[in-house]
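Below is one structure, written out as structure tokens; the observations come after it.
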Amino acid sequence: MAENTLLRFLKKLKPYTIQKGLRYLKHYGLKGFLVRLRERMEPEEVPYGPWYEAHRASRETLEKQRRRNWKNPVTISIAVPAYRTPERFLREMLDSLLDQTYPYWELCLVNASPEDAAMQAVLSEYSRRDPRIRFQDLKENGGIAENTNAAFAMARGEYVGLLDHDDLLAPDALYETACRISGGADVIYTDEDKVTEDAGEHYQPHLKPDFNLDLLRSNNYICHFLVVRRSLIASAGGFRKEYDGAQDYDFVFRCTEQAEKIEHVPRILYHWRTHRASTADNPASKLYAYEAGKRAIEGNLARTGTKGRVSQTEDFGFYHVTYPVQGEPLVSILIPNRDQRETLKNCIRSIREKSTYRNYEILIIENNSREEETFSYYRQLEKEERIRILKWEHPFNYSAINNYAAREAGGEYLLLLNNDTRVISPDWIQGMLGNCQRPEVGITGAKLYYPDNTVQHAGIIIGIGGIAGHAFLNLPRSHSGYLHKASIQMDYSAVTAACMMVKKSVYEEVGGFEEKLTVAFNDVDFCLRAGKAGYLVVYNPRVELYHDESKSRGAEDNPEKVRRFQEEIEFMRSRWIDLLKAGDPCYNKNLTLSKWNYSLRAR
């Protein structure tokens with residue numbers, strides 16, 4: 001199978017792409033390379049080419065945009081550092097600006113290769129054709145950072161957008177940006193894709209969430225197209241030469257740190273051209289850039305007073321921040337249970353044997369067990385100093401059970417845990433606690449696997465399946481998912497309470513779990529209320545456990561359970577109708593709500 005996959009892949013490749021593949025093979029090793037190759041070769045459920053054509057602005061829409069009468073329009077300065085740009089690429093970039101439906105822009109292009117006669121001729125031709133096109137020759141090539149700063153210095157507009165000299169803007173890019181500017185945004189970014197060297201094929205769409213701090217600390221997902229208020233650039237500072245290779249990453253951090261309002265435009269408005277030397281098609285061509293990216297994240301942590309250790313992942317351009325635990329606070333692990341002695345025993349054993357963090361207590365909430373072997377096991381556990389057995393002698397209500405246990409818990413942090421989980425990561429408590437101790441974070445979630453090593457939980461997406469569903473359900477454990485999102489730390493709107501840590505103060509602040517939600521969606525509702533209160537919900541994929549899923553409760557297989565489930569759906573729909581209509585800010589409205597794999601939403 002691996003050999004057939006490799007042969008199919010090689011047939012599609014150009015010679016320089018084969019060289020790229022060989023570099024990846026050396027980097028990942030054969031096993032890792034084949035896993036990533038197999039993941040890349042999986043067929044698109046909704047082919048991107050036709051999808052892009054169907055979703056790009058129509059001729060009628062573009063004409064309507066051109067006819068709009070703007071009141072008090074702002075000028076957007078497009079900063080372009082150019083160096084030895086092939087004539088065709090340069091012309092196509094300039095034409096993409098001339099095609100813009102928003103007319104209030106200027107091009108600020110600095111030419112670091114004034115000796116290139118062809119470039120001079122093209123720039124002179126276009127600047128004579130349209131006074132909005134301005135260029136300046138540099139005496140010497142100062143590198144990408146200094147050249148970009150020279151372009152910034154030319155800008156006269158209230159906002160500045162960044163465009164690479166060989167890339168393309170969609171004709172409605174500045175129009176959509178201007179709409180967000182009129183709403184008071186300081187920083188605006190859009191979705192993007194890649195185009196082949198001849199611009200004949202669009203592929204690899206990057207469909208982004210709204211601003212997501214922990215995702216940004218994992219990868220420069222904002223990237224293109226980026227527009228920033230010019231006064232904010234002056235305050236934050238321009239590009240810094242010491243970050244060459246990741247100068248835009250460092251710049252994004254400094255701008256978003258100071259921005260009051262960050263807007264995301266969920267449309268493909270930037271086309272990143274790929275060719276032999278471009279980082280878009282050959283990440284390994286600029287390995288030094290990834291070290292600079294690591295330093296950019298470290299700079300953000302330092303400026304925000306956040307302690308963290310940044311490490312590069314196996315995947316180029318992706319990072320993981322480990323937040324060290326401050327002190328040794330008590331963590332209360334809450335485990336509801338009804339019978340299932342062996343299941344509970346395996347869970348407790350894994351906590352004891354695997355956990356390297358020792359300051360925890362375990363509260364088992366007994367709920368109407370009937371089997372003598374269960375009570376016999378409880379009597380054994382009660383002999384242990386750090387384990388308590390609480391009794392909830394009422395019908396099963398997951399929310400009420402946890403609210404009761406939270407009141408009895410002595411810990412500063414609550415770790416809600418299902419009895420059918422088993423710990424994989426020895427530092428699982430530290431991985432959750434380090435995040436949860438951050439002042440902006442209220443809740444931390446984990447990556448859970450079924451016993452067959454497929455993903456059971458990697459974050460929750462609002463709207464999937466009607467209300468909410470788990471991301472990357474059934475994804476093989478070895479796979480990393482869409483743009484590695486199953487394997488990188490990021491913020492979600494919700495995570496599962498099968499393994500969830502929350503500050504006890506936050507738990508109390510938002511009023512605990514909603515007891516009207518006895519079984520389903522109580523964790524989703526809880527996370528959404530914490531988010532509404534201003535706290536982040538962080539998914540940490542390096543906290544790994546197995547989860548057999550709902551053994552104690554059983555299946556939704558009788559009329560009473562089905563009726564209860566429908567009532568809980570209606571409760572969620574009523575409480576969160578605005579969010580369900582607007583869409584999950586941690587997701588992208590162009591992605592499917594019928595599946596869990598980040599595939600495109602069919603038209």
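The values are calculated or read from the model by the stated rules, or taken from the named source; none is laboratory data. All of these numbers come straight from a predicted model, not from anything done at the bench. Positions of Cβ are generated from backbone atoms using ideal geometry, with glycine treated the same way; all protein chains shown enter the neighbour counts. Side chains included, ligands, DNA and RNA excluded: accessible areas come from the protein's heavy atoms. Shrake-Rupley method; radii C 1.70, N 1.55, O 1.52, S 1.80 Å.
Among residues that are closer than 19 Å to residue 151 by Cβ, part of a helix (DSSP H, G or I) and modelled with pLDDT of 95 or more, residue 107 is not included.
Selection of the range 231-267 for residues being of a type outside the set (Asp, Glu), in contact (Cβ under 8 Å) with a residue 40 or more places away in the chain and not in a helix (DSSP H, G or I) yields 238, 239, 240, 245, 246, 259, 261, 262, 264, 265, 266, 267. Taken together, the residues in the range 292-323 that are open to solvent by 60 Å² or more (accessible area, probe 1.4 Å) and modelled with pLDDT of 95 or more amount to 9. Counting the residues of the range 56-89 that are assigned to a helix (DSSP H, G or I), within 30 Å of residue 143 (Cβ to Cβ) and open to solvent by 20 Å² or more (accessible area, probe 1.4 Å) gives 2.
None of 128, 134 is at pLDDT 95 or above, among the basic types (Lys, Arg), in a strand (DSSP E or B) and over 13 Å from residue 90 (Cα atoms) except 134. Count of the range 283-323 residues, restricted to those that are closer than 21 Å to residue 502 by Cβ and among the hydroxyl-bearing types (Ser, Thr, Tyr), is 3. Would you be able to tell me the number of residues in the range 418-433 that are out of contact with any helix residue (DSSP H, G or I) (no Cβ under 7 Å at 6 or more places or on another chain) and surrounded by fewer than 23 Cβ atoms within 10 Å (Cβ to Cβ)? Residues that pass the stated criteria total 3. Of the helices (runs of 4 or more DSSP H) lying entirely inside the range 324-414, those containing at least 3 residues that are open to solvent by 70 Å² or more (accessible area, probe 1.4 Å) and more than 20 Å from residue 501 (Cα to Cα) are 372-381. Would a scan of the range 223-246 turn up a residue that is of a type in the set (A, V, I, L, M, F, W, C), within 22 Å of the chain's Cα centre (by Cα) and farther than 27 Å from residue 287 by Cβ? Yes - at least one qualifying residue is present in the range 223-246. If the condition is being surrounded by 23 or more Cβ atoms within 10 Å (Cβ to Cβ) and among the basic types (Lys, Arg), then the range 434-448 contributes only 447.
Of the residues 486, 458, the single one that is over 19 Å from residue 358 (Cβ atoms), open to solvent by less than 10 Å² (accessible area, probe 1.4 Å), touching a strand residue (DSSP E or B) at 6+ places or on another chain (Cβ under 6 Å) and of a type outside the set (S, T, N, Q) is 458. Residues in the range 214-272 that are open to solvent by 20 Å² or more (accessible area, probe 1.4 Å), hydroxyl-bearing (Ser, Thr, Tyr) and either under 24 Å from residue 175 (Cα atoms) or touching an Asp or Glu at 6+ places or on another chain (Cβ under 7 Å) (or both): 231, 243. Among residues of the range 174-206 being surrounded by 19 or more Cβ atoms within 10 Å (Cβ to Cβ) and of a type in the set (A, V, I, L, M, F, W, C), the one that is nearest to residue 106 (Cα to Cα) is 174.
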